[in-house]
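Structure first, then comments.
What follows is calculated from the coordinates using simple rules that are stated; it is not laboratory data. Every value quoted in this text rests on a predicted model; they were computed, and no experiment measured them. Cβ sites come from the backbone with ideal geometry, for glycine too, and all protein chains shown count toward neighbours.
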Amino acid sequence: MDDSKTGAARAERPGGNLNLYEATADYYDFDTDCVAAFENFRDIPFFLDQARLARGPVLEIGCGTGRVTIPVAAAGFEIHGIDLSDAMLKRCREKLARLDPAIRSRISIEKQDMRDFRVDRRFDLVIVPFNTFQGLLTEADALSCLSSIESHLTTTGRLILTLSSPEHLAGAAIHHVTGEETLWETDDSSTAEEKLSARIANRVVDWDGGIQYFELRIYRTLGEGPTTRVSDSFALRYYTESRIRSLLASCGFEILEAYGDYAGSPIGEGHDFVLICARG
């Protein structure tokens, strides 16, 4: 391991609260709409299929703005979501208020920490969409989360855990990028005069810890006016296939199915780990 790379990462990590979307929550849904063509956001049909197989109530860890929550409820399933971000939950509640009452009645959300949560019921399906689990930066936190999930599953319940594969991160050979990388740009938003641009900045990789740190910046320009910027800091921990399998096994989970993407490709042929697990 190159000590100079590790040293740079440790010295220049973004500060502030990580992964809470405190300033950028209002742009999250717009973000996911813009990059819907990316494989990472083709997960909703997959989760709907899994909810149909489970037939029972669903628990979503990291429900955010309801990107997955609302489609699951609209398909006829009861779903309870937890999230730690006040800003994301606020955005979700605004969306819920506009729903048909029948759909809204199938959704409940609350603020809880996924490292140690308590819900007074068990679920036939627990989902952890996108990179939510990777926001747990220590092994102790990851194990605590999995233990909490295990205690909320029914005897025949299933856990679906999704993570991004570390392969593309290693291939990029990035240890510290100080400039900005454009994530998406558009001028086709709800207001014709509005232009938005999302950029990744200060990308840092801690090679020893397997953690990527970065800043998400949203630039907004309204008409001929000045451009304003809001930003949040994030960190994601990346797991090898063997490591995530070991963590799951240590918490009593058996992996029933493992895919490299939401289309069912083998691991290694996609950019993700999509793991369907049962209590051992």
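Report the calculated FRET efficiency for Leu256 and Ile103 (r = Cβ-Cβ distance, R0 = 35 Å), to the nearest 0.05. Walk me through the intermediate numbers first.
Numbers: r = 30 Å, r/R0 = 0.86.
Once the sixth-power term is evaluated, E becomes 0.70.
Work out from phi, with θ = phi - 60° and the Karplus expression 6.51 cos²θ - 1.76 cosθ + 1.60, the ³J(HN,Hα) of each residue of the stretch 263-276, listed in order in whole Hz, and give x for Gly and Pro.
8, x, 5, x, 4, x, 9, x, 9, 10, 10, 10, 10, 9
What ranking do 93-99, 19-25, 67-73 get when scored by the average of other Cβ atoms within 10 Å per residue, highest first? Write out the running numbers ahead of the final one.
Numbers: 93-99: 12.9, 19-25: 19.1, 67-73: 23.3.
Output ranking for 93-99, 19-25, 67-73: 67-73, 19-25, 93-99.
Using a basic spin-label model with each label point 7 Å from the Cα along Cα→Cβ, how many nm lie between Tyr219 and Ile267?
4.0
Of all DSSP beta bridges located in the chain, what percent are antiparallel, nearest 5?
Working: 43 of 61 bridges.
So the antiparallel bridges amount to about 70 percent of the total.
Report, by chain and number, residues whose modeled amide H sits under 5 Å from the one on Ser85, excluding near sequence neighbours (fewer than 5 apart, same chain).
When sequence neighbours closer than 5 places are left aside, there are no close amide H contacts.
Per 0.36 nm of contour for each residue apart, how much would the distance between Glu78 and Ala278 grow if the chain were fully extended, relative to their Cα-Cα spacing? Intermediate values should be presented prior to the final figure.
Details: separation 200, 0.36 × 200 = 72.00 nm, distance 2.02 nm.
So the extension gain works out to 70.0 nm.
Between Thr240 and Ala140, what's the calculated FRET efficiency when r is the beta-carbon distance and R0 is 22 Å? Round to 0.05. Spell out each step's value before the answer.
On the way: r = 18 Å, r/R0 = 0.84.
Once the sixth-power term is evaluated, E becomes 0.75.
So, in nm, how far is label Asp29 from label Asp120 when the simple model puts each one 7 Å beyond its Cα toward the Cβ?
Between Asp29 and Asp120, the label points sit 3.1 nm apart.
If you consider only alpha-carbon coordinates, what radius of gyration and Dmax does the chain have, in Å?
That works out to 18.9, 60 Å for Rg and Dmax.
With only alpha-carbon pairs counted, each pair once and no self-pairs, how large is the Kirkwood hydrodynamic radius of the stretch 125-280 in angstroms?
Working: mean 1/r = 0.0568 Å⁻¹.
Its Kirkwood hydrodynamic radius stands at 17.6 Å.
What FRET efficiency, computed as 1/(1 + (r/R0)^6) with R0 = 35 Å and r the Cβ-Cβ distance, is obtained for Lys90 and Thr228, rounded to the nearest 0.05? Don't skip to the end; give the middle numbers.
Numbers: r = 20 Å, r/R0 = 0.57.
About 0.95, to the nearest 0.05.
Tell me, in nm to one decimal, what length is gained between Ser147 and Thr178 on full extension, where the rule is 0.36 nm per residue of separation less the Cα-Cα distance? Please report the intermediate quantities before stating the final value.
Numbers: separation 31, 0.36 × 31 = 11.16 nm, distance 3.76 nm.
Additional length available on full extension: 7.4 nm.
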